[in-house]
Amino acid sequence: MRKVFGIKKSPAEYVASCSRNLDTILDAKTTEEKKTKSFNKLENNLKDMTIMLYGDGETQVNDTKITKLLNEVKVSSLVTRLVMNIHDLGFEIPKTISKILCYWLHDEERANMAIDYFKVNTQLIPHLISHFEREEVYLPCSEVVKEALIHPELLKPFLPEKSDSDNIIFKVLNYVAMKDLAFSAE
């Protein structure tokens, strides 16, 4: 499938391409020139995936493609690898990752698929929370955590049985307390 209504690839091709580009970016043996090209390709593919989910002025949302895309994302390790390396992906890519994950968690029809994914990959939420202190990625990380913790099934493992200042929820609340009133209200 090529360039139909602004979407250039099939969902499977987008996920596979993102995985290949991420492999290149993370490979220590890759030249800077090749990393830059892969970085740009990854950014463009993720933006196209976002357009597939949200649509834009020219592209209408296609429910079948959305389902196929989110199924591809679920069966691949792409999301886990992107989240676990979010601090190495610049400024724009984490924002795009956040948009994709927030869509997945917020979409009524497919939220259960996202919840199942986060339940299996229990390291994702704590990893995102651990990056709240990093200025370049704290907003995308906090957006995903906020959307994920709306679901009781994802929040339950982090609720303490007793007061424990090392618990993830207390870390989030302490972080929020350090921010301004608008951020705290969010």
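Odds and ends about this structure:
- The listed residue being on the phi < 0 side of the Ramachandran plot and in contact with an Asp or Glu (Cβ under 7 Å, 6 or more places away or on another chain), out of HIS127, HIS106: HIS106
- Subset of region 106-120 (residues that are within 18 Å of MET84 (Cα to Cα) and open to solvent by less than 30 Å² (accessible area, probe 1.4 Å)): ALA114, ILE115, TYR117, PHE118
- Test: residue in region 146-162 that is among the β-branched types (Val, Ile, Thr), open to solvent by less than 70 Å² (accessible area, probe 1.4 Å) and either in a helix (DSSP H, G or I) or at pLDDT below 90 (or both): no
- When residues of region 70-94 are limited to those that are closer than 21 Å to PRO126 by Cβ and among the charged types (D, E, K, R), the one modelled with the highest pLDDT: ARG81
- A single entry from GLU143, GLU136 fulfils the requirement of being under 29 Å from ALA16 (Cα atoms), assigned to a loop (DSSP other than H, G, I, E, B) and at pLDDT below 95: GLU136.
- Residue list for region 96-122, restricted to those being at pLDDT below 95, among the basic types (Lys, Arg) and part of a helix (DSSP H, G or I): LYS119
- Set side by side, the residues ILE125, ILE129 differ, and just one is modelled with pLDDT under 90 and either farther than 18 Å from LEU78 by Cβ or open to solvent by less than 50 Å² (accessible area, probe 1.4 Å) (or both), which is ILE129.
The values are calculated or read from the model by the stated rules, or taken from the named source; none is laboratory data. None of these values were measured; they are calculated from a predicted model. Cβ atoms come from the backbone with ideal geometry, glycine included; neighbour counts cover every protein chain shown. To get the accessible areas, we keep the full protein, side chains included, count just its heavy atoms, and leave off ligands, DNA and RNA. Shrake-Rupley method; radii C 1.70, N 1.55, O 1.52, S 1.80 Å.
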